[in-house]
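Following: one structure in structure tokens, then a few remarks.
Only the coordinates and a few stated rules stand behind these numbers; no lab work does. Because the structure is predicted, anything quoted here is derived from the model rather than measured. Here the Cβ positions follow ideal geometry from the backbone for every residue, glycine too, while neighbour counts run over all protein chains shown.
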Amino acid sequence: ATPAAIMTGTGRAAELGILFRKGEALQSLRDVTLIAFDKTGTLTRGKPELTDLDAAPGVSADDALRLAASVEARSEHPIAGALVAAAKARGLAIVEARDFAATPGMGVEATAEGRKIAVGAARFMTALGLDISAFDATAARLSAEGKTPLYVAIDGKLAAILCVADALEETSVAAVAALHAQGVATAMITGDDERTARAIAAKLGMDEVIAGVLPEGKVAALQRLREGRRIAFVGDGVNDAPALAAADVGIAIGTGTDIAIEAADVVLMSGHVSKVPAALALSRATMRNIA
Ligand code: ADP
Ligand code: MG
């Protein structure tokens, strides 16, 4: 590729809100046959809301939500924001939580009103030695709708199941369809529940899903998907930075975290994932013109 052609290509991309941080990225994107996406904040808005709440017999749903939200008030996770907002909307007062501990990709724990509270994924409850099978049917039904099931334990007893749902970014469906039309395969990598992730991937028509990935496991998931293919990864979060660096082409959402943007080869300044097909088309056109 001539430097002049690369300059024209990157200039054209910049006009579209696509920042190629290195000229080589314009070349390597052409050869990509698989594009993997982070889910939360990339394909979805990253602003989940509480949708369902079901307490165990003898437990007040308001109490379970109030205590769960009191623990989550100490967390920065988007799920925490959903629970705190839901508690406030119901007029439930947040109380002080002590001995707070967060386990990435699992959940949070603390003591509130002298009771030990844990909130998190099914695997977190299992790791804490809790039996969650009483809520299996509920969890299956809600996760099939693309909602993320979470559990609340109070003093070592399962107290409630609740769900949060995160709306799709408006442009995600069209972006995935456009990529398929361009002949590339798509995949989702997420820490979310397996069934939830599959339901969301099905709505988007995506080819492959790797769910239940711990934050430090994203690169391994990417390598597992790769199978000798040239792969691009699209993400926004701090946890996405290693995968953005490990992919053949790392593409960061411009409104994402600085750490993700710094690790990426390409930054989408506007329009979120809708610009991924445009970036691919531009890379192919540029390389064709100079071949
Ligand atoms: P992702 O951003 O891909 O959804 P995370 O690693 O942030 O993945 O979280 C994975 C899962 O861990 C969440 O779906 C949730 O079940 C659980 N989890 C993580 N943090 C929290 C939290 N603060 N409260 C409740 N659950 C949490
Ligand atoms: Mg994300």
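Close amide H pairs (under 5 Å, H built 1.01 Å from N) link Phe37 with Ala187, Met188, Ile189, Val234, residues at least 5 positions away or on another chain. Each residue in Met7, Met206, Met287 was given a count of other beta-carbon atoms within 10 angstrom of its own, and listing them fewest first yields Met7, Met287, Met206. Footprinting exposure proxy ranking of Ile189, Ile18, fewest other C-beta atoms within 10 angstrom first, gives Ile18, Ile189. By the helix-only formula, in which each DSSP H run with n ≥ 4 contributes -39500 (n - 2.57) and the sum is divided by residues, the chain has a 222 nm mean residue ellipticity of -11500 deg cm²/dmol. When Glu49, Glu109, Glu15 are arranged by Cβ crowding within 10 Å, least crowded first, meaning fewest neighbours, the order is Glu15, Glu49, Glu109.
Computed over the chain with a Gaussian network model linking Cα atoms closer than 10 Å, the most mobile of Leu130, Leu222, Leu34 is Leu130. Phi-derived couplings, Karplus 6.51 cos²θ - 1.76 cosθ + 1.60 at θ = phi - 60°, listed residue by residue for region 239-244: 5, 7, 4, x, 6, 4 Hz, with x used for Gly and Pro.
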